[in-house]
């Protein structure tokens, strides 16, 4: 059964099953206000061959990842409750309905885990499959901003990095067999799950609020690591007018990954780990590291030296002072 | 200068100029609440070759139309102030920057006319140019719903139909030269403008609120005619469980268009006129027709006859009782 066989009206009718009854009946969705919390809105594109591929994931994974990537941006802004998402679906007429069904099942599954509903959307034909997701949420205890770090802050990562890239490498058989086998089955499965089913860290936002030191105002620098840990750190450092000093012995990755020659590069530049990277006053950072399993201090923000203003936004290793390299993000063009 | 030459970071830097300062600096956008009005959210896709074409419009037109189509859906829900839009842009690496610049200039121009700001978005490479717009607005005096019409309501159109389709025909040289010339230059220009620069009827929503008869509760059936006048009427009739009776002598189109053999078909099924089609109690309809230039009564909603329940959502001509045909919308698949 292809989309061509269904036609647009029947496709829309079937997709409406993934939204609350009547939700897709009108020209647009109406959101009732619920309290005074500001809204957070985010739009992400996922394009076949660039952001997903039949070779490495099924349609449910595509849907899950699409929602998760968007909700991760909400988490990176300090989002509490998720309101929902709109979904723009572009697909050629010869796309199987089963693929679309899988994608929407994956989207629904992610919303089921993290909150929020399918609010609306649009469908169109096109040469290449593409999803455009817009997610809406409400700010929780406070807004997290890329530019709100300060010199003296701890740099904190809510979880491991490089796993998603390792998962992709395993799915694409990039690693020689002995290397892949040496990682052990549990880590291989964990890496593949990290790639196919990333978890937006809305739970970490909650933990962050619970760890706020009494008397401290809300001030949290932060972003998610969708473009890579190094890129996230560089954004926090740049936004704070600081240099980021990273502890090379405390890079957030599993030891087995650290032993791979690619390990450090994948940890810093692999991307798509969807963890939060935060700049916090030390007492807050310490409390969060103690409270949130997997969360660790990875370095500090420091003021650039005199005459060193150009270095704001740069990364160096804490012990050696050498610049951190090899973490530059991916350019789409 | 192609997107490949710019790279993603420089592209994002340039696009930020179309948003308020700092608006695009973070992972997502934060919207401060302004009063208790519910939000309206809408997502539309525009795909190269299906929704726009270099052959018939420039990049500023593409941007304007993309915003206008979305704001038209907000208007169709009863939107008052527009909050803004997010823009997802997919474009191949060999896309000229000048094209993207033109699209964003057109988007900005539409927002300048109708209110709202560029709130955020995303960019990606891809095989085919595509825009995914999500628009956010606040409900004005009340929500307009497709299903809120009732038997006895007037069917009202806020403006002419078929002009956008005529404009496309002129741009594609579909009409024989004598026929095109016979239309006269003013109508030709008007039709081309209707195709390239449609106006979302947020003004009509304001007029509608001002015309609400004293003592009448807010009850407005309505949708926009993006998919064609006939499709809009069918949705209102179906939502109300009614039959739509149209006055064939009062079809909303310029007389010159009515004289073309294609005129009636384009008026009913041409699509993309982005007017509002409303179902209103007669006193309200009469007041709106009197207050809003170009607005006219096109027919009525009537209860289906006994044993005629299957006819709900159907269209017939008022005088003859014959079914209205030839207005079926376009299917994307």
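The values are calculated or read from the model by the stated rules, or taken from the named source; none is laboratory data. None of these values were measured; they are calculated from a predicted model. Reconstructed Cβ throughout: ideal geometry from the backbone, glycine too, with neighbour counts over all protein chains shown.
Things worth noting here:
- Residue A:66, sole failed condition from (1) closer than 28 Å to residue A:8 by Cα; (2) facing chain B (nearest Cβ under 9 Å); (3) modelled with pLDDT of 95 or more: (2)
- Number of the condition not met by residue A:92 [criteria: (1) out of contact with any strand residue (DSSP E or B) (no Cβ under 6 Å at 6 or more places or on another chain); (2) at pLDDT 95 or above; (3) within 28 Å of residue A:252 (Cα to Cα)]: (3)
- Residue list for the range A:183-210, restricted to those being buried (at least 18 other Cβ atoms within 10 Å of the Cβ) and touching a strand residue (DSSP E or B) at 6+ places or on another chain (Cβ under 9 Å): A:200, A:201, A:202, A:204, A:205, A:208
- Qualifying residue in the range B:253-260 (condition: free of Cβ contacts under 8 Å to residues at least 60 places away in the same chain, more than 14 Å from residue A:27 (Cβ to Cβ) and touching a strand residue (DSSP E or B) at 6+ places or on another chain (Cβ under 7 Å)): no
- The single condition among (1) touching a helix residue (DSSP H, G or I) at 6+ places or on another chain (Cβ under 7 Å); (2) at pLDDT below 95 that residue B:110 does not satisfy is (2).
- Meets criteria (more than 8 Å from chain B (Cβ to nearest Cβ), farther than 23 Å from residue B:86 by Cβ and surrounded by 15 or more Cβ atoms within 10 Å (Cβ to Cβ)) for residue A:1: no
- Evaluation of residue A:233 against the conditions (1) within 14 Å of chain B (Cβ to nearest Cβ); (2) surrounded by 21 or more Cβ atoms within 10 Å (Cβ to Cβ); (3) under 19 Å from residue B:28 (Cα atoms) shows that the sole unmet condition is (1).
Listed here are the residues, each with its yes/no results for (1) under 20 Å from residue A:293 (Cβ atoms); (2) in the same structural domain as residue A:236 (by TED's automatic domain parsing); (3) out of contact with any helix residue (DSSP H, G or I) (no Cβ under 6 Å at 6 or more places or on another chain).
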residue	(1), (2), (3)
A:168	no, yes, no
A:174	no, yes, yes
A:177	no, yes, yes
A:187	yes, yes, no
A:191	yes, yes, no
A:202	yes, yes, no
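- Being over 24 Å from residue B:129 (Cβ atoms), out of contact with any helix residue (DSSP H, G or I) (no Cβ under 6 Å at 6 or more places or on another chain), modelled with pLDDT under 95 and more than 9 Å from chain B (Cβ to nearest Cβ) is a condition met by at least one residue of the range A:53-60.
- Residues in the range B:124-169 that are within 11 Å of another protein chain (Cβ to nearest Cβ), crowded, with 22+ Cβ neighbours inside 10 Å and assigned to a strand (DSSP E or B): B:130, B:131, B:132, B:133, B:134, B:135, B:136, B:137, B:139, B:145.
- Filtered residues of the range B:126-138 (kept if more than 17 Å from the chain's Cα centre (by Cα) and touching a residue at least 60 places away in the same chain (Cβ under 8 Å)): B:128, B:129, B:130, B:138
- Residue check for residue B:32: free of Cβ contacts under 8 Å to residues at least 40 places away in the same chain and either closer than 20 Å to residue A:73 by Cβ or more than 14 Å from chain A (Cβ to nearest Cβ) (or both): yes
- Condition check for residue A:44: in contact with a helix residue (DSSP H, G or I) (Cβ under 8 Å, 6 or more places away or on another chain), at the interface with chain B (Cβ under 8 Å from one of its Cβ atoms) and free of Cβ contacts under 8 Å to residues at least 12 places away in the same chain: no
- Only listed residue being more than 13 Å from chain A (Cβ to nearest Cβ), touching a residue at least 12 places away in the same chain (Cβ under 8 Å), touching a strand residue (DSSP E or B) at 6+ places or on another chain (Cβ under 7 Å) and farther than 16 Å from residue B:201 by Cβ, chosen from B:250, B:240: B:250
- Against the conditions (1) surrounded by fewer than 24 Cβ atoms within 10 Å (Cβ to Cβ); (2) closer than 12 Å to residue A:110 by Cβ; (3) at the interface with chain B (Cβ under 9 Å from one of its Cβ atoms), residue A:92 satisfies every one except (2).
- Residue in the range B:109-123 that is in a loop (DSSP other than H, G, I, E, B), under 22 Å from the mean Cα position of the chain (by Cα) and either outside the structural domain of residue B:198 (by TED's automatic domain parsing) or surrounded by fewer than 21 Cβ atoms within 10 Å (Cβ to Cβ) (or both) present: yes
- Residues of the range A:47-79 satisfying the condition of being surrounded by fewer than 19 Cβ atoms within 10 Å (Cβ to Cβ) and touching a residue at least 40 places away in the same chain (Cβ under 8 Å): A:49, A:50, A:55, A:56, A:58
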